[in-house]
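The structure under discussion appears below in the form of C-alpha cells.
Rule-based calculations on the coordinates, nothing more; no lab input. Remember, predicted model here, so these are calculated numbers, not experimental data. Note that we place each Cβ from the backbone using ideal geometry, even for glycine, and neighbour counts take in every protein chain shown.
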Amino acid sequence: MKIGVLALQGAFAEHIAVLRKLGVEAVEVRLPEQLEGLDGLIIPGGESTTFTILMKAYQFADAIIRLAKNNFPIFGTCAGMIVLANGLINNGGVEPVGAMSIKVKRNAFGRQVDSFEVGLSIPALGKKPFPGVFIRAPRIESAGRNVEVLAKLDDGTIVAARQGKILVTSFHPELTDDTRLHRYFLDIVSGKQ
Ligand code: GLN
C-alpha cells in the first residue's frame, strides 16, 4: 500500500511519520503527476489560504476532484478538510475543491490562543476517547445526507465525518500518539471499512 501526503505546506512530515510507524509506504506529493500509482492521499493541516494559492499554481484542484469522483480514498485534516469542502463560511479567499458535501466554517473556535485539546468520543474507533488537538480549527456547519458523522463535541459541533472513501477531521490526529484514525483510513483504503 502506498499513501501520498500533499506536501505543499503544513503538517505533512507528521502524517508521513505516522504512516511509516504503521509500516506503510508514504511519499510526499508536490506535483499532480506524483498522484499516479497511489492508493490513498492525505491532505494535512496548515493554512488553507496558502493551500489555495499553491494548489492553483500547481494545478492540483482538478486532479483532486477527479480522484474524489473516482472514489479514491482521501483523508483531510483541519486545513485539509477545508480544502475538500463544497461550501465555506469565512472563506477568506480560500477556494475549496468541493469533493465532499460539507459546509465548513474556517477558524470556527477563534484565534490561535483558542486552540485546545479534548477527549473525543469516536464510536467507530472503539470506546477509548481520541485525543482531539484543535489548532485554529474549522468545524462542519452542515453535512449532506450521504455524509456519516463520526465525531461531535458535547455541544453537537461535527468535528469528524466520512463520505464514501473521503474522511475528514477538524483536528490533528498526526500530532498525537494515537494512530487509530490513520489505521481507520488505511482500512478504508484496503476496503475493510
Ligand atoms: N486556520 C487554518 C485555515 O483556515 C487551519 C488551521 C489548521 O490546519 N490547523 O486554513
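Stretched out fully, how many nm does the piece from Ala124 to Val149 gain, at 0.36 nm a residue minus the Cα gap?
8.0 nm
Which net charge results for the neighbourhood of Ala85, defined as the other residues with beta-carbon distances under 10 angstrom from its beta-carbon, given Lys and Arg at +1 and Asp and Glu at -1?
Net of charged neighbours comes to +2.
What are the ³J(HN,Hα) couplings of region 93-108, residue after residue, when phi is run through the Karplus curve with 6.51, -1.76, 1.60 and θ = phi - 60°? Round to Hz, x for glycine and proline.
x, 6, 10, x, 7, x, 7, 9, 7, 9, 9, 10, 9, 6, 6, 6
For region 82-193, with only Lys/Arg (+1) and Asp/Glu (-1) charged at the beta-carbon, what is the dipole magnitude about the Cα centre, in debye rounded to 20?
260
If each residue of separation counts as 0.36 nm, what is the full-extension length gain between Thr157 and Lys69 once their alpha-carbon separation is subtracted?
Between Thr157 and Lys69, full extension yields an extra 29.0 nm.
Which lysines, if any, have their Cα less than 18 Å from the Cα of Lys128, not counting same-chain residues under 8 positions apart?
Filter leaves Lys152.
Please list 3J(HN,Hα) in residue order for region 67-74, calculated via the Karplus relation 6.51 cos²θ - 1.76 cosθ + 1.60 where θ = phi - 60°; whole Hz, with x for glycine and proline.
Along region 67-74, the couplings run 4, 4, 5, 8, 6, 8, x, 9 Hz.
Mind running the shape call on region 1-139? Use the C-alpha gyration tensor, a ≥ b ≥ c as the square roots of the eigenvalues: rounded below 1.5 for a/c, prolate if a/b tops b/c, oblate otherwise.
Since a/c reaches 1.5 but b/c is at least a/b, the shape of region 1-139 is classed as oblate.
Provide the per-residue ³J(HN,Hα) series for region 181-189, in order, calculated from phi with Karplus coefficients 6.51, -1.76, 1.60 and θ = phi - 60°, each as a whole number of Hz, with x at glycine and proline positions.
With coefficients 6.51, -1.76 and 1.60, one gets 6, 5, 5, 4, 5, 5, 5, 5, 4 Hz.
Shape of region 67-183 from its Cα gyration tensor (a ≥ b ≥ c, root eigenvalues): rounded if a/c is under 1.5, otherwise prolate when a/b > b/c, or oblate?
Oblate, since a/c reaches 1.5 and b/c is not below a/b.
Taking the Cβ of each residue in Met55, Met100, Met81, Met1 as the centre, tally the other Cβ atoms inside 10 Å and list the residues starting with the fewest.
Ascending number of Cβ neighbours within 10 Å: Met1, Met55, Met100, Met81.
Within region 29-50, whose backbone N sits under 17 Å from a point 7 Å along Cα→Cβ of Gln59?
30-36, by backbone N distance to the label point.
Run the dipole for the chain about the Cα centre, Lys and Arg Cβ at +1, Asp and Glu Cβ at -1, nothing else charged, and hand back the magnitude in debye, nearest 20.
380
Whole Å is fine, so just give me how far the alpha carbon centre of region 165-193 lies from that of region 99-138.
First find each Cα centre; the distance between them is then 14 Å.
Compare the Cα positions of Met55, Leu67, Ile82 along the charge dipole of region 1-152 (+1 at Cβ of Lys, Arg; -1 at Cβ of Asp, Glu; about the Cα centre) and return the one farthest towards the positive end.
Of the candidates, Ile82 comes out farthest on the positive side.
Using a 10 Å cut-off around each Cβ, can you sort Arg111, Arg183 from fewest to most neighbouring Cβ atoms?
Placing the least packed residue first, the sequence is Arg111, Arg183.
Sort Phe134, Phe72 by Cβ crowding within 10 Å, fewest neighbours at the top.
With the sparsest Cβ surroundings first, the list reads Phe72, Phe134.
Among DSSP beta bridges whose residues both lie in the chain, state the antiparallel percentage, nearest 5.
50
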